[in-house]
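Let me begin by presenting the structure, written as structure tokens, before commenting on it.
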Amino acid sequence: MLYIENLTKKFGEVNAVCDLSLHINKGEIYGFIGHNGAGKTTTLKSIAGIQDFDNGTIKIGGKSVKDDPIECKKMLAYIPDNPDLYEFMTGIKFLNFIADVYGVSGTERKEKIRNYSERFEITDSLASPISTYSHGMKQKLAIIAAWIHSPRLIIMDEPFVGLDPKA
């Protein structure tokens, strides 16, 4: 599912990621643990195609992040540590916008939004502007938006920041 071979990323003279190789099969769960500046976020952003890298190969489902970025992005969901959301929108409008981007049908999106918003206990807030949400509610909305198209690979950078223990 995820194939990384000899990934290297430098910022000037600083090696943020140096010759990382990692192979993750379908159904496996991995976590990066390390000190600040160890290259965790740099690696995740490179996998997601948000940040270019200097050397190496990243493939998602057999497709190259560099050669076929759109197909790779269709297969994954990326949740940053501090998600940028369209705060002028309501939660429901944002989720429908994301579902439109990924071509999720009306019936499927309705069911997923209902299911996930109930599980994360934010159903009653979906009609409110995102600007009124707490950090934790925004994080929950970002997770629902990421999952709405049933990605094959989910990349989460510090996903539990701001979430309550139940979430």
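The values are calculated or read from the model by the stated rules, or taken from the named source; none is laboratory data. Because the structure is predicted, anything quoted here is derived from the model rather than measured. Ideal geometry is used to build each Cβ from the backbone, glycine not excepted, and the neighbour counts take in all protein chains shown. These area figures cover heavy atoms from the full protein model, side chains too; ligands, DNA and RNA do not enter into them. Shrake-Rupley method; radii C 1.70, N 1.55, O 1.52, S 1.80 Å.
Structure values in brief
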| item | result |
| --- | --- |
| Residue check for Gly136: open to solvent by less than 80 Å² (accessible area, probe 1.4 Å) and either within 25 Å of Leu2 (Cα to Cα) or in contact with a Pro (Cβ under 9 Å, 6 or more places away or on another chain) (or both) | no |
| In segment 109-167, the residues that are among the β-branched types (Val, Ile, Thr) and either under 20 Å from Thr41 (Cα atoms) or part of a helix (DSSP H, G or I) (or both) | Ile113, Thr123, Ile130, Thr132, Ile143, Ile144, Ile154, Ile155, Val161 |
| Only one of Tyr78, Tyr86, Tyr102 that is among the hydroxyl-bearing types (Ser, Thr, Tyr), surrounded by 13 or more Cβ atoms within 10 Å (Cβ to Cβ) and more than 25 Å from Ser134 (Cβ to Cβ) | Tyr102 |
| Per-region count, segment 32-75, residues over 11 Å from Leu7 (Cβ atoms) and open to solvent by less than 20 Å² (accessible area, probe 1.4 Å) | 3 |
| Met75 vs. criteria in contact (Cβ under 8 Å) with a residue 60 or more places away in the chain and not polar (S, T, N, Q) | yes |
| Residues (closer than 20 Å to Met156 by Cβ, open to solvent by 50 Å² or more (accessible area, probe 1.4 Å) and of a type in the set (Val, Ile, Thr)) located in segment 10-31 | Ile29 |
| Hey, Ile130 touching a strand residue (DSSP E or B) at 6+ places or on another chain (Cβ under 8 Å) and modelled with pLDDT under 95 or not | no |
